[in-house]
Amino acid sequence: MPFAAAHIRLAVRESRLPVFYELLAAGFFVDAPQSCSIRQLLTDVSGMDAEYAEYRIQTVFVNGRAVDDFDSPLVGKDAVVALSAAMPGLVGAVLRRGSPLGSMRGVGADKGAPGTEMSREVPITLKLFNQVAAELGPGFLAAGIRIPTARLADFLAKHPDLAVEAVQAGGKNRPAADLPEVLAGAGEYICLFVKIAE
Amino acid sequence: MDTILRINMGAAGGPQARSEPLGDYAGMGGRGLTSAIIAAEVPPRCHPLGEDNKLVIAPGMLSGTKAAMSGRISVGCKSPLTGGIKESNSGGQAAQVLARLSYAAIVLEGKPKENTCCKIRINTDGISIETDESLHMLGNYDLVERLKEAYGDKITCISIGQAGEMKLGAASVAITDMELRPTRHAGRGGVGAVMGAKGVKAIVLDDSGTKMREAVDPQAFKEANQAFVKGLREHAVTGQGLPAYGTNVLTNVVNEAGGYPTHNFSFGRFEGASRISGETQAETETSRGGKATHGCHRGCVIRCSGTYVDKEGNYVSKQPEYETVWSHGGNCGIDDLDAIARLDRMDDDFGLDTIEMGAAIGVAMEAGLADFGDAEAAINLVGEVGKGTTLGRILGSGAGVVGRVFGVERVPVVKNQAMPAYDPRAVQGIGVTYATSTMGADHTAGYAIASNLLNVGGTVDPLKPAGQVELSRNLQVATAAIDATGMCLFIAFAILDQEETFQALIDMINAFHGLNLTADDVTALGRKILGMEREFNEKAGFGKEDDRLPEFFRKEAFPPHNVTFAVSDEELDSVYDF
């Protein structure tokens, strides 16, 4: 995690875990081989079960455009990939992978371009919505998500009831009371770990 | 359910009620019945608030039965907002109760000589109509409390708030829910203004002593209903997504697609989307002691609604729907769910369409009446409507009027009705439906039924541009048919994906009514309804030039994808070629 100068570790009651889905929806960074496919991102990089990815993730966006083909490559260094279950509404149906109503999108799918270089890793923004966040979110949060520090600061200010269990910065443990200071000095990005309190 | 109740509010000597058989309208329900009556009996060029217009309130073909999801009620008239035919439908208890009282429709006719404030009571003993000026200018919440005091808590109410009494273009008709709160609304097209013009403040229904409507073939009906419910529960949208997060689950997804109209349709992404998403809304409700999963009427198995409470756990409103969260939220730059819930409550209380009001406030913000993002200012502006001030009456007349009064060019309306929460530049096919629907801009006019299942117009090639027009046509036809059944449109997703669930719906209709309908017959019904509506609008003066999106959709590139609406006029004109 090259951008994360500090780690924040939180422990929360299980019932409060969904409050963090707002951060998953806003997006976090994962490092993936440049030009890898969506399928590789989901399974090889993110560790998703292949069957889950195929059947649960019914709506996929790459750079804001609905995508039908899991095997299309991600291009560019700032790719944003958003994952959702099947959605309601005409637009929900239109945006689904392989939708028979796909032509109603008009703006088309993001087909990308054939990848050439698979060795270098680049940061990709991953967003998780709805049931996908509820089902995969706990795992990602436990493993740590890298997000803009300012976003985490805003989020924690909005949720003062969330108890900070431990703060690590510069490889050293710090008292929870140091959180404002750690956030102020954390740089642009920070790594957040959330686990269920025992 | 074979009787039409007609109430002439302009009869000499006071309102007169009479019941008559369905006659030529037999076989129709919901939108099919409201549009058939309006098309046959209302002069297309009449004034929508005049004595010649009629307000038709009709449950669906399966309402009042044990059929799951059959609780939609249709309200039809000539619209004071669009000037064309209107069907606006709602959840709540009224469809089931009215059907069990054996009424296929209530038709309010004529017009009282002077402004009056009447309440109509309907139960198994009959009908009573009386003037009650003490109800004048009450909000829907206070009104229902008064009616509850008078008639007990077993009633169901159909009512208008202040907006309906002021005959404003955004006025809705409120329907009470299972908790006897006026939270469900036939919102679109100003149907509440027509009820106000008839001098009717409330219709109080009481089905005590009635029974469920019985099917012609009870066993086949029961089996079909079980298969239908099974299909709904097993589907990822109707069995999981909607119950967990409600319709507002769409916020994050539409925002990600760049199709979330923000700051009065200026751009397609709202920075605060995740703060007002369905996921955040559900977590907020649950953690405060509200409900994230709740039905709007008995017999609902999807339960996409909920209860929004404040930080102390006190009831504020029902869970605001996606369209409401968008219109009062991202469209106005507001990312505060508490403020949005307050606005939803005010709309329900004053009796206002939340889409039209949010769009009107967005246009007002563009005009400089308030800053985008200023939630308190938005609350104050909606408050003006409740007070009946001049500014409030302008706002309550809808986005089109606000644009004209304040000289705003970017006004997102078709046939003067505000657009819902999907920008037609980012999802071009929905622009076809917005432009050509008989109802004005309406996201539910062309919902989602598998066109190939219904076999409407042959198989569509989704890769061809013309597919957008053909799909829109097919979806509008299919939606009109579903609206006639009284079924919630959200059943569409299970039907879209599961052929056996679609068949179960047809089996239910057949078993209940003793019919032998096929998918083709359902399609024919949808076409018949659309044909009647289209003909009414043509006679009312609508032409091809009215089947267009506002000019700015073709001229202003819409970020983040920087696209304009590209479906040609010729393609739009071909939608009704059937």
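The values are calculated or read from the model by the stated rules, or taken from the named source; none is laboratory data. Since we're looking at a predicted model, the values are computed, not measured. Quick reminder, even Gly has a Cβ in these numbers, built from the backbone with ideal geometry, and neighbours come from all protein chains shown.
Among the helices (runs of 4 or more DSSP H) confined to region B:505-575, the ones with at least 2 residues that are away from chain A (no Cβ under 14 Å) and more than 30 Å from B:Ala399 (Cβ to Cβ) are located at B:519-539.
Taken together, B:Ser287, B:Ser317, B:Ser305, B:Ser327 contain a single residue that is of a type in the set (Ser, Thr, Tyr) and either within 11 Å of chain A (Cβ to nearest Cβ) or assigned to a loop (DSSP other than H, G, I, E, B) (or both), which is B:Ser287. Among the residues of region B:176-198, none qualifies, meaning not one is assigned to a strand (DSSP E or B), touching a residue at least 12 places away in the same chain (Cβ under 8 Å), among the β-branched types (Val, Ile, Thr) and buried (at least 24 other Cβ atoms within 10 Å of the Cβ). Among the residues of region B:535-555, those identified as farther than 12 Å from B:Lys415 by Cα and surrounded by fewer than 18 Cβ atoms within 10 Å (Cβ to Cβ) are B:Glu535, B:Glu538, B:Lys539, B:Glu551, B:Phe552, B:Arg554, B:Lys555. Looking across B:Phe578, B:Phe493, one residue alone is surrounded by fewer than 21 Cβ atoms within 10 Å (Cβ to Cβ) and either in contact (Cβ under 8 Å) with a residue 12 or more places away in the chain or closer than 30 Å to B:Gly403 by Cβ (or both). It is B:Phe578. Residues in region A:87-105 that are closer than 25 Å to B:Ala244 by Cβ, facing chain B (nearest Cβ under 7 Å) and in a loop (DSSP other than H, G, I, E, B): A:Met87, A:Pro88, A:Leu101. Which pairs turn up if I take residues in region B:134-154 that are of a type in the set (A, V, I, L, M) and look for partners that are at pLDDT below 95 with beta carbon separation below 8 Å, at least 6 apart in sequence or on another chain? Final answer for the pair search is none. Annotation note: Cβ proximity below 8 Å between a residue of region B:330-350 that is assigned by TED's automatic domain parsing to the domain that holds B:Ser317 and surrounded by fewer than 24 Cβ atoms within 10 Å (Cβ to Cβ) and a residue that is of a type in the set (Lys, Arg) and in a helix (DSSP H, G or I) (sequence gap 6+ or interchain) occurs for B:Asp335/B:Arg275; B:Asp336/B:Arg275; B:Leu337/B:Arg275. Counting only strands (runs of 3 or more DSSP E) that sit completely within region B:1-113, those holding 2 or more residues that are surrounded by fewer than 24 Cβ atoms within 10 Å (Cβ to Cβ) correspond to B:3-8, B:16-21, B:103-109. Summed over region B:451-486, residues that are modelled with pLDDT under 80 and on the phi > 0 side of the Ramachandran plot total 3. Answer with yes or no whether B:Phe490 is in the same structural domain as B:Ser277 (by TED's automatic domain parsing) and either at pLDDT below 85 or of a type in the set (Phe, Trp, Tyr) (or both). It is false that B:Phe490 is in the same structural domain as B:Ser277 (by TED's automatic domain parsing) and either at pLDDT below 85 or of a type in the set (Phe, Trp, Tyr) (or both). Exactly one residue out of B:Glu234, B:Glu223 is within 14 Å of chain A (Cβ to nearest Cβ), more than 30 Å from B:Tyr315 (Cβ to Cβ) and not aliphatic (A, V, I, L, M), and it is B:Glu234.
Within region A:48-86, the set of residues being β-branched (Val, Ile, Thr) and either part of a loop (DSSP other than H, G, I, E, B) or crowded, with 21+ Cβ neighbours inside 10 Å (or both) comprises A:Ile57, A:Thr59, A:Val60, A:Val62, A:Val67, A:Val75, A:Val81. Out of B:Arg275, B:Arg298, one residue alone is more than 30 Å from B:Ala378 (Cα to Cα) and not hydrophobic (A, V, I, L, M, F, W, C). It is B:Arg298. For the condition in contact with a helix residue (DSSP H, G or I) (Cβ under 7 Å, 6 or more places away or on another chain), surrounded by fewer than 18 Cβ atoms within 10 Å (Cβ to Cβ) and under 24 Å from B:Arg288 (Cβ atoms), A:Leu156 does not qualify.
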